[in-house]
Every structure is written in structure tokens, then in C-alpha cells.
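Novice: This structure is in C-alpha cells; I'll ask about it shortly.
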Protein chains: 2
Amino acid sequence: MPSLTFWFDLASSYSYLSAMRIEGLAAHSGVEITWRPFLLGPIFRRQGWETSPFNIYPAKGRYMVRDMQRIAASRQLPFCMPAVFPANSLLAARVALVGAEQGWIAPFVRGAFAAEFGKGADIAAHSVIADLLLELGLEPQSVLARAASEDIKLFLKKNTDHAEHNGIFGAPTFSCDDRELFWGDDRLEAAIAWAAKL
Amino acid sequence: MPSLTFWFDLASSYSYLSAMRIEGLAAHSGVEITWRPFLLGPIFRRQGWETSPFNIYPAKGRYMVRDMQRIAASRQLPFCMPAVFPANSLLAARVALVGAEQGWIAPFVRGAFAAEFGKGADIAAHSVIADLLLELGLEPQSVLARAASEDIKLFLKKNTDHAEHNGIFGAPTFSCDDRELFWGDDRLEAAIAWAAKL
């Protein structure tokens, strides 16, 4: 089955847009999606940025909010900026990787993005993550314990290194065979079409 | 008639993509296009960048070239990176503004982008610009003299200040009524749809 890797940071606004529609588009084209969370923070820092470019460059940040509002409205998605932007997405990314091990990464990530960019929640809060896990019928304490394990910490670090090594500099990015990269929610259709042809 | 302003820098690769298709899309929707060249250089410098972000961030630059190759191929457009990137687009922008006065800005800009990103020409060269003017049946010497006038220099400076003042930080950007901004060739359809509804 053709496959496509979906690279996202849980703090990324445009990754929210893709998370909410990627499985529907992929299923329609017979493409299998691998969900891979990573952290943009270390990649940005190695470029000399201490925060999101949307904060460093205010005109770009204002534009992003308006662009998100328009696109979310056209897709009937709720949208608001979270109280803290960018969120510290470390905990959510580690929990997502527990979901990758256990088979619930996609619904967890959709839930986390919907809480963050649909309701303004701060996904750095343990209580927010615990609520999301409960909604999925999971036991927060054991999942959070696993998320704090060395295995999972290393898994996330490796994902981030892998992303950077393969030329990824923003999120969402879609990759085919670690070679062909497509950056941005606006490239999702092209990425799926590319994967389907391989 | 509904109208949309097309802000572009003649050194901008993605502006090439829009220049080659905007009139066709706009005519189809009954939207009139105002072509407004400006310079990204001064805006970038005030953000602390001495060159294009595609040069400052190599991963982003490599990605842009690949993204342009794919999109150009899908639209049957030739594409190559010019020898000098970003080109010094000052002369070409001033000549374009003479074209705005005299009614030939659109074919001149399409010609300049096609020479630059279709054939790799350096649009900073007077000879390249003179050839483009000859192809349009114009007299290069008188156009270049007008392009060097204080009026035209001031016109370009005002366009650039106007763009920055209105929150423009990249090219191409499409604006409706100086308020609603759409950034990037991938937002062209949305911009035209927005303008058509006003």
C-alpha cells in the first residue's frame, strides 16, 4: 500500500489543519499515513530562533492568524489561538509516541489539536492531556508513566533528528520515502497524489 | 468591477508562478488586477535579513527549488534558478512602473519572470531589460530614461513603504482594499474568490 509520513509538531497551527483532514484524503486515495511527531523548537534554535517565526516577525504572525481563521471557517473547523503560543509540546509529543506504540496516535493527536486550536487549551498541562486520554478510554497514569520513560524520550529525540537530517524545517511536512518533501497544509493534496503514484 | 492588487518582487520565484496565471484566473472570475511591484530587500533588511530567507536557511532554499520544479512541471512552465538569486530587481521594478504608466506592465513582468526563472537570465542587466522592451515593440532608451527619473524612483519607494505599512512581508501577496491579505501563489484562488465576492 502506498504510504506517506505526516511530520507534525503539536504546537503548530497549520499542523492542526492537516491532522483534521489527512486520514479522509489518504483513505480516498488508498494511501497509508504514518503519524510522526517531532519538535520544531530544537530545529528553530539551531537556525538561531528562540521562538516561533510567527512571534519573531509580528506581521507574519498576524497574517497567520487571519489565514487560519479563513481556512478554518471554510472547513467548518473551530479556531482560536491558544493562551500560550507556541505551546510547549514536549509532553503531548511524548504521549503521542506512546499512542504510536499502542495504536491510538491519530485520535489522540486530533483531540490534542482540537483542544489547543479549537478551544485554546494549553497542551503543556498534564490535566489537559489526562482529560484527552480519558476521552479515549485510556488510563492516564500508566500512559503518562510510559511517556516519561527513557525509550519514549529517545524516540522523540530520534524523530526530531531524523526530520532535521532529512531537510525538514517546518510543520506540517509530508514525506515520501524520506526523499520527496511537501511543506504546509496547502501541499497535502499534492503529497498524497505523489505517494499514490509510487 | 471587483479588483485585486497583485504585489510582487521581480526577484521572487513564487511571484513568477502567479504572474503567469493571474490574468487568466482573474478574467474567469470578473476580477480586475492591479500589478504593483515592490522591493522585498528593504523589508527583509528591517527584519534583520541581509538576503533572501532561501539563502539564509539552506534547507528552506533547497525545498523551494524542488517545490518550484514540481509546480512548474505540473503547469507546463519552464523553470530554472537564475545565476544570481535573489536578483537585484531594482531596475526591473522601475521599468515595470513605467509600464504601469504606459499600459504594458503585465506583459513586461511576464517577460521578465520568464527570462529570469524560465531561462536563468539576470534581470539586473540593462541588456536583458532592453531586449524585453524590444520584444514588446518599445524603445528601450526612452523607457530606461523614464525608469531612472525621480518620479519613478519615488513611486517604487512609495509602493514598498505602502506594502510594509499594510503588513506585507513576502511575495507574492494579493490584497483586497488594503485590508485582506493573501500570501503565496497557493492563496491566489482564495484571493480572487474573496475579491469577486466584495
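The values are calculated or read from the model by the stated rules, or taken from the named source; none is laboratory data. Just so we're clear, the structure is a prediction, and the values are computed from it rather than from any experiment. Note that each Cβ is placed from the backbone with ideal geometry, even for glycine, and that neighbours are counted across all protein chains shown. Heads up: the accessible areas ignore ligands, DNA and RNA and are worked out on the full protein's heavy atoms, side chains in. Shrake-Rupley method; radii C 1.70, N 1.55, O 1.52, S 1.80 Å.
Novice: Is there a quick way to get the dipole size of chain A? I mean about its Cα centre, with the Cβ of Lys and Arg at +1 and of Asp and Glu at -1; what is the value in debye to the nearest 20?
Specialist: For this selection, approximately 460 debye.
Novice: How would you rank A:154-162, B:76-84, A:117-125, A:12-20, highest first, on the average number of other Cβ atoms within 10 Å across their residues?
Specialist: A:12-20, A:117-125, A:154-162, B:76-84
Novice: I would also like to ask the following. Which residue is it, in chain A, whose C-beta lies closest to the A-to-B rotation axis, and what is that distance in whole Å?
Specialist: Minimum Cβ distance to the axis, with residue: A:Asp186, 2.
Novice: What are the label-to-label distances in nm, one decimal and shortest first, from B:Thr34 to the same spot in the other copies, with labels 7 Å along Cα to Cβ?
Specialist: 5.0
Novice: Next up: What is the spread of the Cα atoms of region B:135-198 along each of their three principal axes, largest first, in whole Å?
Specialist: On the principal axes, region B:135-198 reaches 41, 29, 21 Å in Cα extent.
Novice: Between copies, how far does the label point of B:Arg66 sit from its twins, in nm, shortest first, when each point is 7 Å from Cα along Cα→Cβ?
Specialist: So the label point of B:Arg66 gives 3.2 nm to the other copies.
Novice: Another one. Per 10 Å bin, what is the whole-percent P(r) computed from every C-alpha pair distance within the protein assembly as shown?
Specialist: Using 10 Å bins, I get a P(r) of 5, 21, 30, 23, 13, 6, 2, 0 for the protein assembly as shown.
Novice: How many percent of Cα pairs in region B:1-70 exceed 20 Å?
Specialist: For region B:1-70, the fraction of Cα-Cα distances above 20 Å is 43 percent.
Novice: Follow-up. Between A:Glu189 and A:Leu154, what is 0.36 nm times their sequence separation minus the Cα-Cα distance? Round to one decimal in nm.
Specialist: The A:Glu189-A:Leu154 span can extend by a further 9.4 nm.
Novice: Rounded to the nearest 500 deg cm²/dmol, what is the calculated helix-only ellipticity per residue at 222 nm for chain A, with -39500 (n - 2.57) per DSSP H run of length n ≥ 4?
Specialist: -16000 deg cm²/dmol
Novice: Label position 7 Å from Cα toward Cβ: report the copy-to-copy distances for A:Trp49 in nm, one decimal, ordered from shortest.
Specialist: Listed shortest first, these distances are 1.0 nm.
Novice: Under Stokes-Einstein, with the Kirkwood radius over Cα pairs standing in for Rh, what whole-number D in µm²/s applies to region B:66-176 at 25 °C and 0.890 mPa s?
Specialist: In µm²/s, the coefficient rounds to 163.
Novice: Once whole DSSP H runs in chain A are found, which of them have Cα atoms spread over 15 Å or more along the helix axis and a mean Kyte-Doolittle score of at least -1.0?
Specialist: In chain A, the long hydrophobic H runs are A:58-74, A:90-102.
Novice: Given a Förster distance of 45 angstrom, what is the FRET efficiency for A:Ser142 paired with B:Asp178, based on the Cβ-Cβ distance and rounded to 0.05?
Specialist: Computed FRET efficiency for A:Ser142 and B:Asp178: 0.20.
Novice: Also: From the phi angles alone, apply the Karplus equation (6.51, -1.76, 1.60; θ = phi - 60°) to region A:3-12 and give each ³J(HN,Hα) in whole Hz, x where the residue is Gly or Pro.
Specialist: 9, 9, 9, 9, 9, 9, 10, 5, 8, 8
Novice: Can I ask one more? What average count of beta carbons from other chains do you get within 10 Å of the Cβ of residues in A:165-177?
Specialist: Partner-chain Cβ atoms within 10 Å, mean over residues of A:165-177: 2.
Novice: Can you list the equivalent-ellipsoid semi-axes of region A:28-111, largest first and in whole Å, using the square root of 5 times each Cα gyration tensor eigenvalue?
Specialist: So the equivalent ellipsoid measures 25, 20, 12 Å along its semi-axes.
Novice: Please compute the net charge surrounding A:Thr5, taking Lys and Arg as +1 and Asp and Glu as -1 over other residues with Cβ under 12 Å from its Cβ.
Specialist: So the environment of A:Thr5 carries a net charge of -2.
Novice: Considering amide H positions built from the backbone, and no H for Pro or chain starts, which residues 5 or more places from A:Gly120, or on another chain, come under 5 Å of its amide H?
Specialist: A:Cys80
Novice: Related question: With springs only between Cα atoms under 10 Å, which of A:Ala93, A:Ala72, A:Ala115 fluctuates most in a Gaussian network model of chain A?
Specialist: Of A:Ala93, A:Ala72, A:Ala115, the most mobile in the Gaussian network model is A:Ala72.
Novice: Still on this structure: Using every Cα-Cα pair within region B:97-144, state what percent have a distance larger than 15 Å.
Specialist: Percentage above 15 Å: 37.
Novice: Next question, about the same structure. With a 1.4 Å probe, what is the total accessible area buried between chains B and A, in Å² rounded to the nearest 100?
Specialist: 2000
Novice: So the label point goes 7 Å from the Cα of B:Thr51 along Cα→C-beta, right? Which residues of region B:155-198 then have their backbone N under 16 Å from it?
Specialist: So the set is empty, nothing qualifies.
Novice: Rounded if a/c is under 1.5, else prolate if a/b is larger than b/c, else oblate: which is region A:1-158, with a ≥ b ≥ c the root eigenvalues of its Cα gyration tensor?
Specialist: It comes out rounded by the Cα gyration axes.
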